[in-house]
Amino acid sequence: MKQLFALIGYPVGHSLSPLMHQAIYDDLGLDATYHAFNVEPTALKEAIAGLKALNVAGCNVTIPHKVSVMDYLDEVDEEAQEIGAVNTIVNKNGRLIGRNTDGSGYLQSLTPVLPAGIEDHRVLVIGAGGAARAVVSTLCRNRAMRIVIANRTLAKAEVLAGLFSRYESDVLAMSIEQAEKELAAFDLVINTTSVGMSPNVRQTPLSLDLLSARAFVSDLIYNPDETLLLKEAKARGNRTLNGIGMFVNQGALSFEYWTEQKPNRAAMEEAVRHFL
Ligand code: NAP
């Protein structure tokens, strides 16, 4: 019987996940389909009950349900609890288990460009929203030496830094202005804000004037392909990475959790790039 995988969010019409997952099924010759469902917030509880009743094989969760969905699952794993959000629901013999693949997906996208790992890195994370929390969790779990969170709303960065104080990594919060002044001290700069995302492509989250020549600059945004932040970094001679790899890897990890099979990441990326 054809397997059904799903995405729930509101709205989800713009999502590239269905075409990316279809590329996996085509590559593996799987009889499966991935459907995006628009689920209004008031219908979330019923939607989760529906996933169970229909024995949906696996489900992704996107905005605005990533946090609220946790109330309706049978279990939420430790990493997703720390991140405070679920983007993947695994159906294990009828039990729905919440997981989060955003942070690990991000780290996997860095591995080809930073093969030595991030243990000795001093990292500047710009932003303190949901994506930042996933990235900081992964950086802490992988023992990044120092993590500074800089955000427009400093109080949110302070709360986020406080959540990770039990790790070995030195995690602290800073204003964007202070981070600009101390920019030379970072080896890796990660933009986790939506600043620079289409259609606001002329915006950038901070000035790179004091960026070290050895620093790597990464942006979670993949539309546009190259944000103004990445363009400016590249023009200075710095190495850069956009968010496509994170998007592909978070989807690939979801598929691995659902099926225990390895998907073809190159085919997934090709499908996304082709569409974009
Ligand atoms: P979120 O929870 O709403 O957080 C948004 C963050 O952006 C906050 O830190 C917010 O600062 C900051 N921000 C928004 N507008 C700003 C502005 N005009 N000036 C300065 N800061 C601003 O969103 P999210 O879920 O973390 O997502 C953030 C970005 O990551 C989005 O672009 C999303 O597409 C991308 N993302 C990519 C992937 C991927 O797979 N590549 C996965 C997840 C997310 P305040 O706290 O001051 O409001």
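Taking Cα pairs under 8 Å and at least six residues apart, what relative contact order does the chain come out at, in percent?
16 percent
Considering only DSSP beta bridges with both partners in the chain, what is the antiparallel share in %, to the nearest 5?
About 20 percent, rounded to the nearest 5.
Quick one: grab the alpha carbon gyration tensor of region 145-188, order the square roots of its eigenvalues as a ≥ b ≥ c, and give me rounded if a/c is under 1.5, else prolate or oblate depending on whether a/b is larger than b/c. The partial results should precede the final answer.
Values: a/c = 3.26, a/b = 1.16, b/c = 2.81.
Because a/c hits 1.5 or more and a/b fails to exceed b/c, region 145-188 counts as oblate.
In region 35-155, with Lys and Arg counted as +1 and Asp and Glu as -1 at Cβ, which of these residues, LEU51, GLY105, GLN81, has the Cα nearest the positive end of the dipole, that is, farthest along it?
Most positive-ward Cα: GLY105.
Which of the lysines could a cross-linker bridge to LYS45, judged by Cα under 28 Å and excluding same-chain residues fewer than eight apart?
LYS2, LYS66, LYS92
Could you quote the convex hull projected area for region 65-171, Cα atoms only and averaged over all directions, in nm²?
So the Cα hull casts an average projection of 7.3 nm².
Report Rg/Rh for region 123-276, rounded to two decimals, where Rg is the Cα radius of gyration and Rh the Kirkwood radius.
That ratio is 0.98, to two decimals.
Could you please rank HIS65, HIS274, placing first whichever residue has the fewest other Cβ atoms within 10 Å of its Cβ?
The most exposed by this proxy come first: HIS274, HIS65.
So how far apart, in nm, are the two label points at ARG214 and HIS14 if each is 7 Å from Cα heading toward Cβ?
Using points 7 Å along Cα→Cβ, the separation is 3.9 nm.
Could you work out how far apart the two model spin labels at ARG239 and LYS2 are, taking each label as a point 7 Å from the Cα in the direction of the beta carbon, and quote it in nm?
Going by the 7 Å Cα→Cβ label model, 4.4 nm.
Using a Gaussian network for the chain with springs between C-alpha atoms less than 10 Å apart, which of these wobbles most: ALA134, ALA144, ALA213?
Taking springs between Cα atoms under 10 Å, the residue moving most is ALA213.
Using Cβ contacts closer than 10 Å as the measure, can you line up PHE216, PHE275, PHE186, PHE37 from fewest to most? Before the final figure, lay out each step's value.
Numbers: PHE216 21, PHE275 9, PHE186 24, PHE37 16.
Final ranking by Cβ density, sparse to dense: PHE275, PHE37, PHE216, PHE186.
Within the set of other residues whose C-beta is less than 11 Å from the C-beta of LYS231, count the net charge using Lys and Arg as +1 and Asp and Glu as -1.
Net charge around LYS231: -1.
If we count other beta carbons within 10 Å of each Cβ, what is the order of SER104, SER109, fewest first?
Fewest-to-most ranking of SER104, SER109: SER104, SER109.
All other residues with a Cβ under 13 Å from the Cβ of ASN55 taken together, and with Lys, Arg as +1 and Asp, Glu as -1, what is their net charge?
Details: positive: LYS2, LYS52, LYS92, ARG95; negative: none.
Net of charged neighbours comes to +4.
List the extent of the Cα atoms of the chain along each of their three principal axes, largest first, rounded to whole Å.
57, 38, 34
No value in this document is a laboratory result; all are computed from the given coordinates. Remember, predicted model here, so these are calculated numbers, not experimental data. No Cβ is skipped: glycine too gets one built from the backbone with ideal geometry, and neighbour counts run over all protein chains shown.
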